[in-house]
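Every number in this text was worked out from the coordinates using simple rules, so none of it is lab data. This one's a predicted model, so the numbers in the text were calculated from it and none came from an experiment. All Cβ positions, even for glycine, are placed from backbone atoms using ideal geometry, and neighbour counts span all protein chains on display.
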Amino acid sequence: MREVSLLADYFVICSGKNGRQIQTIVDNIIEEEQKAQVEIKSIEGKDSAKWILIDLGEVIVHVFNEEERDFYQLEKLWADAPLVDLSAWTEQ
């Protein structure tokens, strides 16, 4: 993102199938970032579980329900930004 936006260096965009799964994803991100002593600047939309945004400063995480993700299509909006394969970072 740093090449096309001043908002953040990276956007992480993911989705869950239902509210419970979305909340679990968000809770795990928050827990892991707190363990790593990363400052969580803000969390928006946590009550609705349709689109939750976690601002980590250089990284902004978007966790959508599938309908909201299809509607907003952030991947298309920010299509000029290069994609980064995170699979090597997330495999355990």
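Key figures for this structure:
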| quantity | calculated |
| --- | --- |
| Cβ-placed point charges (K, R +1; D, E -1), dipole of the range 40-80 about Cα centre in debye, nearest 20 | 120 debye |
| Sites ASP27 and LYS76 - FRET efficiency at Förster radius 35 Å, r taken between beta-carbons, to 0.05 | 0.80 |
| Cα-projected label distance for ILE13 with SER48, points at 7 Å along beta-carbon direction, nm | 1.7 nm |
| GLN34-ASP85 FRET efficiency (beta carbon distance; Förster radius 30 Å; 0.05 resolution) | 0.70 |
